[in-house]
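The values are calculated or read from the model by the stated rules, or taken from the named source; none is laboratory data. The structure presented is a predicted model; accordingly, all values stated were derived computationally and were not measured. When we count neighbours, we look across all protein chains shown, and the Cβ atoms used for this are built from the backbone with ideal geometry, even at glycine.
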Amino acid sequence: MQELCKALLTGVSCTRFVADLNLGAQLLMIATLWVGYYFARTKQVPKHRNVQTAVVIFNIFFIAFVMVTSFYAFVVLGGTTGGTVAILMMGHGVLGIIAELMGIYLILRMRTQWLPARLRVRNFKRFMRLTLGLWTAIVVLGLGIYYFRYLGQSTPVAVVVEDTPTPPPPPTATTAPRPTLPPSPTAVPARGVLTFANDKGLNDKATVKLSNVPPAAAGKIYQAWFASSNVALVASAGEVKVATDGTATIEYIAPDAANLVALYDQFFITIESAAATKPSATMVFSGQIAARLSGEVKNLLGSASDTPDKVGYAVGLHDQSDHLLIHAAELRSALDRGNLAAIKRHAEHLINLLEGKKGAEYGDSDKDGQIEDPGDGFGMMGYIEQIGLHAQAAASAPDATDALKQRAAEIQIEVANMKKWAAVILKDSLTAVGAQNVESVRASIAEADANARFLVRGQDKNASGKIEPVADEAGFQQMYPAVQELAGLALTPLQFAQAQNLPTATPPPSPTATPIPQPKSVTVLMKDFAFKDKAITIDKGTTVVWVNKDPAKHTVTGDIKGTVDSKDIAVNGQFSFTFNTPGTFAYYCEYHGDRGGVDMAGTVVVK
């Protein structure tokens, strides 16, 4: 029903449209049932029978294509059984099924001889009246669901700035006639929208678009700021230059690719005499993430308390998705090399990456005495689950807009897709880790690799090269922008304030820069399961230091035995080796590469 609505009514909120359609149909049906009751009371039995039969059959369509899908999206996919709407929907669903079954029973009783005598109720009229009364109660319950879901909450505009209205002049004592003055034109309120995007990091770019902004007073400028809730942390977004048509666009990219959603929850504009390093007290525009949504948005895109590095769930899944692609490719590469031990090792990586430390399959799957987890221990499946729950919670908030609810519904579809693909990868990895020979797991490894790419990049079923963000083939890369829109769409109206005082807080002192001595050796980072400087040239006597920045152990092992051998280098560990003999030295990681420059491998040329 939703897909048909989207195809026919572009730009319309399909969730609300379908709800309106269903409500109108239910009101029409209950009115028709009462007309049928009138026919029964006036002995017009054939008309009564036809009316009741038509309504019961017609209602089957709405149960199957509207009510069930709405219940599934809101309660089942949302994972919630609390809240007024969810409770009403569960009660409505149970009673609705009972009423429909009673209606079907009445049709069979009136129109057929299929029911055996023992199943035919004696007091037929009382049963019919009970069914009509229950159906009426269900429609009233449906009105309650409609009210609490769509009418019982305010829908805020994305960002609005309004001038304080000028009070009318006080009445004068004179009774003499006065000339009528033309009314003053009403000022169009200024408006604005804030959105987040990725530049060099995650959520490190913010764009604010304003319209109908009055020019600043002579000798003054507008200046934009981002701040935390108590202005303990504040950053200037620069001067706001208003065009002649009253529009302005502000683009701010955080230094060091910092996550703006994690750092800030307020945006405001002040009037300054010149570019300032800290805001003055004269704040004219202000806005913040809606209070009821701030927790959900922060948990998704900013910081969550239960993740290993306190990152938001969508941010954590973004980081882990890179590891998923790397180790799925490593698994396929081990298959191509015919290395059964490497196959089992990388299958273990995928299992632990997906499950996390709380997963039932987490551990030393390949039985080599080491638990290897390239992830952060939370588990991709845990991140996916939490994204679905918090997106639904954001959509259920009283200040959630229709647009935000639509984004949350899209996210639920993508979460379901990722759960499906993750389950296939886990199954195939468990098959691979228990393999007795390489050929027996060739199909499983190919399937695991394909589903890893589906989970991260989506599945292009039509081979068009373009994956629609709401289609059933969308994955994480299509979901992440929708999650970002939850933050942008959740801004409350900006308020106009004259000389509004900002909260005072002392920003934390900047750390004193300490000169870093120049290294006397060459450093090679092991990151993203690769040697970042794959080939280096050094002078004789130079020490090379390998530093492990990956969440899994590595080795530096010479292609020629006896040249260089680090053994295991733990996470954040390092290994040093001084090259005193000229020549070319090839090396690789025993866990993630192989001799001859395969995958994680490198070369040192000593002059």
Q. Does any residue in the stretch 130-148 that is on the phi > 0 side of the Ramachandran plot come within less than 7 Å, Cβ to Cβ, of a residue that is in a helix (DSSP H, G or I) six or more places away or on a different chain, and which pairs are these?
A. none
Q: Name every residue in the stretch 322-365 that is basic (K, R) and in contact (Cβ under 8 Å) with a residue 60 or more places away in the chain, in order of residue number.
A: R332, R337, K344, R345
Q. What number of residues in the stretch 280-300 are modelled with pLDDT of 85 or more and closer than 19 Å to E251 by Cα?
A. 0
Q | Residue count for the stretch 551-585, restricted to those that are over 44 Å from the mean Cα position of the chain (by Cα) and crowded, with 16+ Cβ neighbours inside 10 Å | A | 7
Q | Which listed residue, of I425, I384, I343, is under 19 Å from A304 (Cα atoms) and out of contact with any Gly (no Cβ under 9 Å at 6 or more places or on another chain) | A | I384
Q. If a residue has to be in a helix (DSSP H, G or I) and either within 22 Å of the chain's Cα centre (by Cα) or not small (G, A, S) (or both) to count, how many in the stretch 315-365 make the cut?
A. 32
Q: Go through (1) within 30 Å of Q478 (Cα to Cα); (2) modelled with pLDDT of 85 or more one by one and return the number of the condition E239 breaks.
A: (1)
(Q) For the stretch 1-62, give me every one of the helices (runs of 4 or more DSSP H) that falls completely inside it and has 3 or more residues that are exposed (fewer than 15 other Cβ atoms within 10 Å of the Cβ) and at pLDDT 85 or above. (A) 14-41, 45-62
Q.
Tell me the residue from D368, D319 that is more than 25 Å from D306 (Cβ to Cβ), surrounded by fewer than 19 Cβ atoms within 10 Å (Cβ to Cβ), free of Cβ contacts under 8 Å to residues at least 60 places away in the same chain and not aromatic (F, W, Y), please.
A. D368
Q. In this structure, does G382 turn out to be assigned to a helix (DSSP H, G or I), farther than 29 Å from N572 by Cα and modelled with pLDDT of 90 or more?
A. no
Q: Please go through the stretch 545-573 and pick out each residue that is within 23 Å of L324 (Cα to Cα) and polar (S, T, N, Q).
A: N548, T555, N572
Q.
Tally up the residues in the stretch 586-607 that are acidic (D, E) and either more than 40 Å from the chain's Cα centre (by Cα) or more than 26 Å from L335 (Cα to Cα) (or both), please.
A. 0
(Q) Taking the conditions exactly as written (surrounded by fewer than 17 Cβ atoms within 10 Å (Cβ to Cβ), outside any helix (DSSP H, G or I) and at negative phi), does L115 satisfy them or not? (A) yes
(Q) Looking at the stretch 416-431 only, could you name the residues that are within 20 Å of P481 (Cα to Cα), touching a residue at least 60 places away in the same chain (Cβ under 8 Å), in contact with a helix residue (DSSP H, G or I) (Cβ under 7 Å, 6 or more places away or on another chain) and surrounded by fewer than 23 Cβ atoms within 10 Å (Cβ to Cβ)? (A) none
Q. Under the condition of being at pLDDT below 85 and closer than 19 Å to E100 by Cβ, which residue from the stretch 118-139 is surrounded by the most Cβ atoms within 10 Å (Cβ to Cβ)?
A. V121
Q.
Restricting to the stretch 305-314, name every residue that is outside any helix (DSSP H, G or I) and either surrounded by 24 or more Cβ atoms within 10 Å (Cβ to Cβ) or touching a strand residue (DSSP E or B) at 6+ places or on another chain (Cβ under 7 Å) (or both).
A. G312
